[in-house]
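Everything on this sheet refers to the single structure shown next.
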Amino acid sequence: MANVLEMKGISKIFPGVVALDNVDFDLRSGEVHVLLGENGAGKSTLIKILAGAYVPTKGTILIDGEEQIIKKPKDALELGVRIIYQELMVNDYISVTENIFQGREQKKMGLIDWKGMHKQTEQVLEELNYDLNPKALVGTLGIAKKQIVEIVKAVSANCKIIVFDEPTASLSPKEIETLFTIIRKLKARGIGIVYISHRMPELYEIGDRVTVLRDGKKIETHDIADVTPEDLVTMVSGKKVEERDKECFATEEVVLKVENMPTVLNKDEGISFELHKGEILGITGLVGAGKTELARSMCGIDNLGPRRLTIHGKTVPVKSYTETVRNGIAYLSEDRRGEGLVLIRSIVDNISLPSMEKVTTGLLIDRKKEESAAEEYIDRLHVRAPSGRALAMNLSGGNQQKVVIAKWLMRDADILIFDEPTRGIDVGAKEEIYRIMFDLAREGKAIIMISSDIDEIIRAADRIVVLKDGKKCAELADVQNLTKDAILNYSFGVS
């Protein structure tokens with residue numbers, strides 16, 4: 001297959017930072033080329049250069065063998081390059097067809113040709129074998145269908161290259177299957193696809209080749225069938241992965257008892273389970289099964305009327321999240337940037353925020369005491385940053401998650417609810433988060449781990465609760481012998 005894209009010797013230097021250092025990358029027509037690396041490895045910078053958002057400091061770009069100068073996004077669009085970002089660039093207030101032809105509306109006799117554009121939209125959808133009403137308001141669609149709108153927009157503009165940036169982060173297994181079917185159809189049309197994801201199993205399902213970046217440099221390119229997941233993790237992190245069995249530190253002591261906990265999806269029947277000291281209890285299910293809703297109800301974030309928890313044998317009412325925190329429970333939201341951190345404040349400020357009484361004298365904050373206390377957790381969790389005064393917004397996803405964990409450890413929470421703890425985190429940082437969780441369990445902390453990633457749940461949990469439609473449909477203790485298919489059967493309601 002001929003190369004549709006060649007990026008040669010690409011470097012990008014920002015003030016004081018070398019984001020890319022002499023990187024080569026090529027893409028063949030009709031292939032899926034996976035771009036893999038830790039957050040901060042240079043993936044986003046490389047893609048932004050292709051998209052015209054950044055101009056490279058040096059290097060050349062060839063499309064269909066001809067050198068091109070891409071100085072702005074319009075240049076990339078005219079050359080047939082489309083980027084489908086994780087945060088979808090659709091307009092919720094107009095129709096599917098209007099989104100697809102926005103900025104390039106077709107006219108007939110001086111008037112916008114709505115009939116013709118609807119017909120073209122229908123044709124592309126038919127080719128992709130996807131049922132979607134071209135006249136539907138995009139704001140009424142789910143994430144998966146909005147993503148299809150972006151794909152149809154790219155295909156209808158005769159694109160040559162599509163970049164998918166973490167496309168499955170918010171999709172259910174069934175939606176992922178549909179997306180992969182469509183990607184295979186795009187390959188058959190000869191479109192070259194760059195695929196960015198941290199989810200290792202799907203890379204092997206959809207990818208043809210893989211290029212690994214680390215610290216702004218290209219490490220290696222391989223046919224994906226020729227490398228193991230362990231090989232890739234080693235290339236990404238620069239460290240050899242050591243295989244080891246996960247230890248279980250759960251004891252007989254029940255630290256949390258949840259009985260008939262209502263959620264916004266299931267206000268009547270509720271959900272019940274127990275959590276033991278030193279245990280990692282996994283809660284999984286399809287997107288929309290009610291996992292986050294359960295956590296929010298337990299913590300008093302969602303107001304659903306009178307509820308109770310039994311904590312260390314003592315029954316307490318669920319009044320508010322503030323009261324829940326006082327009772328030793330911490331919720332680490334899946335939206336760590338929006339709910340877990342104050343992005344414009346420093347690492348130290350974020351870590352000390354829930355524990356101000358520990359670092360204040362009267363009405364004044366003892367800055368030395370605050371920094372000393374926070375630095376203990378920065379060191380313990382290996383938060384990588386220039387200093388404790390670095391802003392949270394400038395950290396990678398993995399380091400942001402470590403800061404969220406640190407603030408609740410400083411607060412002395414002994415029951416930690418991790419909601420999608422590795423979402424948007426690179427493969428190397430994922431293992432660090434797992435290690436932190438295992439270490440906390442070893443110390444006697446009790447952990448609830450909520451995740452839609454079944455491989456992750458099997459990897460980390462001691463026991464698993466499966467939710468479906470807001471109800472508990474299974475509780476599985478023999479995790480060592482569980483398969484992904486078995487959990488999916490419960491999730492889909494297959495006996």
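The values are calculated or read from the model by the stated rules, or taken from the named source; none is laboratory data. All figures in this text were calculated on a predicted structure; none of them were measured in a lab. Positions of Cβ are generated from backbone atoms using ideal geometry, with glycine treated the same way; all protein chains shown enter the neighbour counts. These area figures cover heavy atoms from the full protein model, side chains too; ligands, DNA and RNA do not enter into them. Shrake-Rupley method; radii C 1.70, N 1.55, O 1.52, S 1.80 Å.
For the condition in contact with a strand residue (DSSP E or B) (Cβ under 9 Å, 6 or more places away or on another chain), modelled with pLDDT under 95 and under 21 Å from S237 (Cα atoms), what is the one hit in I458, I433, I425?
Unique residue meeting the criteria: I433.
From the set of residues in the stretch 456-469 that are in a loop (DSSP other than H, G, I, E, B) and open to solvent by 20 Å² or more (accessible area, probe 1.4 Å), which is farthest from G282 (Cα to Cα)?
D469
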Selection status of G42, more than 23 Å from L171 (Cβ to Cβ), among the small types (G, A, S) and in contact with a Ser or Thr (Cβ under 9 Å, 6 or more places away or on another chain) | no
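For the subset of the stretch 108-123 comprising residues that are in a helix (DSSP H, G or I) and over 27 Å from E177 (Cβ atoms), which member is least open to solvent (accessible area, probe 1.4 Å)?
Among them, the one singled out is M117.
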Matching residues in the stretch 28-76 - criterion: being over 25 Å from the mean Cα position of the chain (by Cα), crowded, with 19+ Cβ neighbours inside 10 Å and of a type in the set (A, V, I, L, M) = I61, I63, I70, A76
Restricting the first residue to the stretch 212-225 and requiring it to be farther than 15 Å from T45 by Cβ and in contact (Cβ under 8 Å) with a residue 40 or more places away in the chain, which pairs with a second residue that is in a helix (DSSP H, G or I) and open to solvent by 60 Å² or more (accessible area, probe 1.4 Å) meet a Cβ separation below 8 Å and a spacing of at least six or different chains?
-> I224/Y204
Enumeration of residues in the stretch 77-92 that are open to solvent by 70 Å² or more (accessible area, probe 1.4 Å) and over 26 Å from the mean Cα position of the chain (by Cα) | L77, E78
Is the stretch 475-485 home to any residue that is under 27 Å from L343 (Cα atoms), touching a strand residue (DSSP E or B) at 6+ places or on another chain (Cβ under 7 Å), open to solvent by 50 Å² or more (accessible area, probe 1.4 Å) and hydrophobic (A, V, I, L, M, F, W, C)?
-> no
Every listed condition ((1) surrounded by 13 or more Cβ atoms within 10 Å (Cβ to Cβ); (2) in a helix (DSSP H, G or I)) holds for E126 save (1)
Output for the stretch 438-455, where each listed residue is acidic (D, E), within 20 Å of A330 (Cβ to Cβ) and in a helix (DSSP H, G or I) | D439
Considering only helices (runs of 4 or more DSSP H) fully contained in the stretch 285-383, which possess at least 2 residues that are open to solvent by 20 Å² or more (accessible area, probe 1.4 Å) and farther than 30 Å from D268 by Cα?
-> 367-380
Consider K484 carefully, then state whether it is in contact (Cβ under 8 Å) with a residue 24 or more places away in the chain, farther than 24 Å from K267 by Cβ and within 24 Å of the chain's Cα centre (by Cα).
-> yes
Hey, N129 hits all of (1) at positive phi; (2) at pLDDT 90 or above but one; which does it fall short on?
-> (2)
Would you please list the contacts, defined by Cβ atoms under 8 Å and residues six or more apart or on different chains, that run from a residue in the stretch 5-31 that is within 27 Å of N394 (Cα to Cα) to a residue that is open to solvent by 40 Å² or more (accessible area, probe 1.4 Å) and hydrophobic (A, V, I, L, M, F, W, C)?
-> S11/V18; K12/V18; A19/I13
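Limited to the stretch 264-275, what total is found for residues that are in a strand (DSSP E or B) and under 30 Å from the mean Cα position of the chain (by Cα)? Show your work before the answer.
Residues of the stretch 264-275 in a strand (DSSP E or B): 266-275.
So of that shortlist, the ones also under 30 Å from the mean Cα position of the chain (by Cα) come out as 266-267, 270-275.
So the count comes out to 8.
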What is the one condition in (1) assigned to a loop (DSSP other than H, G, I, E, B); (2) open to solvent by less than 60 Å² (accessible area, probe 1.4 Å) that D131 does not satisfy?
-> (2)
Exactly one of (1) in contact with a Gly (Cβ under 9 Å, 6 or more places away or on another chain); (2) part of a strand (DSSP E or B) is unmet by L62. Its number?
-> (1)
Tell me, yes or no, whether the stretch 334-343 has at least one residue that is modelled with pLDDT of 90 or more and closer than 26 Å to C473 by Cα.
-> no
Looking only at residues in the stretch 1-24 that are open to solvent by 10 Å² or more (accessible area, probe 1.4 Å) and touching a helix residue (DSSP H, G or I) at 6+ places or on another chain (Cβ under 7 Å), which one is nearest to Q86 (Cα to Cα)?
-> A19
Applying the selection to the stretch 384-394, what residues are open to solvent by less than 20 Å² (accessible area, probe 1.4 Å) and of a type outside the set (G, A, S)?
-> none
Among (1) under 30 Å from E6 (Cβ atoms); (2) at pLDDT 90 or above, the one test that V138 misses | (1)
Looking only at residues in the stretch 93-107 that are at pLDDT below 90 and in a loop (DSSP other than H, G, I, E, B), which one is farthest from the chain's Cα centre (by Cα)?
-> Q106
